[in-house]
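Student: Take this structure, written in structure tokens, and hold onto it; I'll ask about it next.
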């Protein structure tokens with residue numbers, strides 16, 4: 001076991017793509033993923049798992065068919081499995097996801113924003 005802290009700032013400096021999550025750690029069957037987001041994502045849901053958005057830097061919205069939630073740095077929101085949603089960030093926002101290994105970023109939808117899974121940084 002490596003005894004070194006994971007530095008988010010250093011990890012974020014290693015990639016520039018938006019909507020392309022990068023794995024930084026694993027715990028049991030869960031992965032901790034960092035991503036940079038900007039502009040609109042696609043409407044999607046995750047039928048088999050909840051999804052958590054943790055804002056590290058910046059601000060974002062998560063739209064639902066019946067409203068939206070706004071998140072600022074230091075805030076998080078858990079979306080229950082099966083709930084359709086669409087993330088959005090007007091300016092670049094840095095976030096963390098915690099989700100089961102193998103979770104596709106676009107859930108049930110195939111899109112040009114579907115990212116390769118299990119990419120480590």
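Student: Comparing 55, 78, 42, which has the greatest mean-square fluctuation in the GNM of the chain with Cα pairs linked when under 10 Å apart?
Tutor: The residue that fluctuates most here is 78.
Student: For the residue pair residue 2 and residue 43, what label-to-label distance in nm results when each label sits 7 Å from Cα along the Cα-to-beta-carbon direction?
Tutor: Placing both labels 7 Å beyond Cα along the Cβ direction yields 4.2 nm.
Student: Let me ask another. Order the peptides 59-68, 98-107 from the highest to the lowest mean number of other Cβ atoms within 10 Å of their residues.
Tutor: 98-107, 59-68
Student: So, one more: Calculate, in nm to one decimal, what residue 69 and residue 111 gain on full extension: separation in residues at 0.36 nm each, minus their alpha carbon distance.
Tutor: Taking 0.36 nm per residue and subtracting the Cα distance, the gain is 12.8 nm.
Student: With Rg and Dmax of the Cα atoms in Å in mind, check (i) 14.8, 43; (ii) 18.2, 57; (iii) 13.6, 45 and report the label derived from this structure.
Tutor: (iii)
Student: To check you understand DSSP bridge types, tell me what percent of the beta bridges within the chain (both residues inside) are antiparallel, rounded to 5.
Tutor: Once the DSSP bridges in the chain are tallied, antiparallel ones form about 95 percent.
Student: Under a crude label model (7 Å from the Cα following the beta-carbon direction), how far is residue 9 from residue 120 in nanometres?
Tutor: Going by the 7 Å Cα→Cβ label model, 2.5 nm.
Student: For region 27-66 and region 82-116, what is the centre-to-centre distance using only Cα atoms, to the nearest Å?
Tutor: 5 Å
Read the figures in this text as sums done on the coordinates, not as results from a lab. Since we're looking at a predicted model, the values are computed, not measured. Heads up, the Cβs are rebuilt from the backbone with ideal geometry, glycines too, and the neighbour counts pull from every protein chain shown.
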